[in-house]
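Working notes, structure below.
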Amino acid sequence: MNPHSTKDRIQNHLAYKLGLCMIAFNKIVGGGQDKQNSLILKIFYFPSFLFNLFKIIQLHKAKKRKYNEIIEIFPSLKYPPLQSCKDYPESLSYKYHLAYLLGESLLQTNKTWYRGSYFTLHKKIQKAKEKYQEISYIIKELKAFNQKPYEQIDIIELANSSQEIYSLLQTYKDYLPLLQTLFLNFPFFMQYPNEILQWLNSKEFKEQYIKTNHPYPPLLNPDRLNAKRE
């Protein structure tokens, strides 16, 4: 692992490693294939799956203990802050890979296992998958419009607003002028998401711009902007 690479360090997080194990298990048992065969495979492979999770956790803890012992003796060997790594902005996206999101769901569930949180694990896994699909779709659309999301926007802000953005893109997927305006001004959208979403979902916007297929739709209500200037 390169300590100066955000990508390597995020992939070394326990959440990421547990998520990879969960994805590998799902592939083995067949995922969305025949339910009966999938259930049989799950029962057969589940003990080894749990053992692999346990082994990953124990090995991770052992490495962490060893690292803490080393930097206590040699403080100069302490890893630099993630923000100081050259690939920091782009590599943050690894926190929103399916493996990381699944692993986080498992770790969060494990923290409150005594409250019966494992009964809600399936729901959390589904939410993690939905979040991954939303973010992947948004980034794909950004790239299609020749935008470089990691250089222009905060990937964490994008992830926090992914559900709203995904819904917006699905609603107006056939209104190309709006998508062009939106992606060309995506950093601006990330600054004022609530105001823009309120305007785009308004009756006034739909009547004036969508119904007429207006070629230059504004991201904010022009009448309100003019009133403020006056």
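Observations, loosely collected:
- Solvent-accessible surface of the chain, averaged per residue with a 1.4 angstrom probe and all protein chains in place: 67 square angstrom.
- For the chain, calculated [θ]222 nm from helices alone, where every DSSP H run of n ≥ 4 adds -39500 (n - 2.57): -20500 deg cm²/dmol
- The phi-based Karplus calculation (6.51 cos²θ - 1.76 cosθ + 1.60; θ = phi - 60°) puts the 3J(HN,Hα) values of region 168-177 at 5, 5, 5, 5, 10, 5, 9, 9, 4, x Hz, whole numbers, x for Gly and Pro.
- Sorting 39-51, 2-14 by average packing, meaning the other beta carbons within 10 Å per residue, from highest down gives 2-14, 39-51.
- Assuming charge only on the beta carbon of Lys and Arg (+1) and of Asp and Glu (-1), the dipole of the chain about its Cα centre is about 1080 debye to the nearest 20.
- Legend: P(r) of region 81-230 from all alpha carbon pair distances, 5 Å bins from 0, whole percents, reading 1, 8, 15, 18, 15, 13, 10, 8, 5, 3, 1, 0, 0.
- Each residue was assigned an accessible area with a 1.4 Å probe, and for residue 157 the value is about 80 Å².
- Once the chain from residue 208 to residue 137 is taken as fully extended at 0.36 nm per residue, the excess over their C-alpha distance is 22.8 nm.
- A full extension of the chain between residue 46 and residue 173 corresponds to an added length of 41.6 nm, given 0.36 nm per residue minus the alpha carbon distance.
- Modelled spin labels at residue 156 and residue 72, positioned 7 Å past Cα toward Cβ, are 3.0 nm from each other.
- The apolar share of the surface of the chain, taken as the fraction of accessible area on carbon and sulfur atoms (1.4 Å probe, ligands and nucleic acids excluded), comes to 54 percent.
- Prolate/oblate/rounded label for region 1-112 (Cα gyration tensor, a/c 1.5): prolate
- Ranked by the mean number of other Cβ atoms within 10 Å of their residues, highest first, the peptides 71-81, 54-64 come out as 54-64, 71-81.
The values are calculated or read from the model by the stated rules, or taken from the named source; none is laboratory data. Note that this is a predicted model, so its numbers are computed, not measured. Methodologically, a virtual Cβ is constructed for each residue, glycine included, from the backbone with ideal geometry; neighbour enumeration extends over all protein chains shown. Note: areas computed on protein heavy atoms with side chains; ligands, DNA, RNA excluded. Shrake-Rupley method; radii C 1.70, N 1.55, O 1.52, S 1.80 Å.
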